[in-house]
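Report on the structure given below.
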Amino acid sequence: MTTDAAPDATSARRGRPGYDQETVLRRAIDLFNRQGYDATSMGDLARELGLTKSAIYHHVPSKEHLLASGLDEALDALSSTVAAIAATSAQPAETRLRTAIRSSVEILVDHLPAVTLLLRARGNSEVEQAALDRRRAIDDALAELVRDAVREGSLRTDIEPELISRLLFGMVNSSVEWFHPDGAVDAPALADAITGIAFDGLSRR
């Protein structure tokens, strides 16, 4: 497997005028999401930025470095949120579950390209596999939160907690396929809709 890295690149170098590492990362994530990570080369990114391929290595050491940075952006935000929710264990589990859903929506909106990249990762490389391992740990923590809500009597008991968790956060995650920051639905409205459907249903009482 090729790494698409500069032969002597052991660390990111200082960027040339007009670009910095953050700009290169943003454009790389967008390109990975449009074309797919495996189908995107550093040459593609260079053309996207209007640079030569060798100039890219003045900003980043490799394509894998860009992928890892994008995935870590989403995972770090999710991990810190789950940790914060776990630290509020004095609150009822249902309250914490609602908070988890709303926070997940906020992270999705604030880090939409990075979250999209994470949700499309398939474990085809060591970087992606490591990201999927981290994502499974987050999913397990959220599923445990659902189990706590079931045990306290806040949620129905005739549906397995793991299935409830998958359905709840599946609604959140599927939003990456249609949500647009400049669209008619903003983050609070999306969070209200998902929590309303999840906890109150659609039928009029």
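Residues in segment 123-143 include at least one that is without any contact (Cβ under 8 Å) to a residue 60 or more places away in the chain, at positive phi and open to solvent by 20 Å² or more (accessible area, probe 1.4 Å). Inside segment 43-67, can you point out the residues that are closer than 18 Å to Ala131 by Cβ, part of a helix (DSSP H, G or I) and open to solvent by less than 30 Å² (accessible area, probe 1.4 Å)? Hits for segment 43-67 are Lys63, Leu66, Leu67.
Just one of the listed residues (Thr23, Thr40) is closer than 22 Å to Leu118 by Cα and in a loop (DSSP other than H, G, I, E, B), namely Thr40.
Taken over segment 108-127, the criterion of being under 30 Å from Val185 (Cβ atoms) and either of a type in the set (Asp, Glu) or in contact with a strand residue (DSSP E or B) (Cβ under 7 Å, 6 or more places away or on another chain) (or both) is satisfied by Asp110 alone. Of everything in segment 144-196 that is open to solvent by less than 50 Å² (accessible area, probe 1.4 Å) and of a type in the set (Phe, Trp, Tyr), the residue that is nearest to Ser89 (Cα to Cα) is Phe169.
Condition first: part of a loop (DSSP other than H, G, I, E, B) and within 18 Å of Asp72 (Cβ to Cβ). Now tell me which residues in segment 26-37 satisfy that.
We begin by selecting, within segment 26-37, every residue part of a loop (DSSP other than H, G, I, E, B); these are 36-37.
Of everything in segment 26-37, just one residue is part of a loop (DSSP other than H, G, I, E, B) and within 18 Å of Asp72 (Cβ to Cβ), namely Tyr37.
Close contacts from segment 26-44, counting a first residue that is in contact (Cβ under 8 Å) with a residue 24 or more places away in the chain and among the aliphatic types (A, V, I, L, M) and a second that is open to solvent by 30 Å² or more (accessible area, probe 1.4 Å) and outside any helix (DSSP H, G or I), with Cβ to Cβ under 8 Å and a gap of 6+ residues or different chains, come to Met42/Asp4.
The values are calculated or read from the model by the stated rules, or taken from the named source; none is laboratory data. From a predicted model like this one, the values you see are computed outputs, not experimental measurements. Note that each Cβ is placed from the backbone with ideal geometry, even for glycine, and that neighbours are counted across all protein chains shown. Side chains are part of the model used for accessible areas, which takes the heavy atoms of the whole protein and leaves out ligands, DNA and RNA. Shrake-Rupley method; radii C 1.70, N 1.55, O 1.52, S 1.80 Å.
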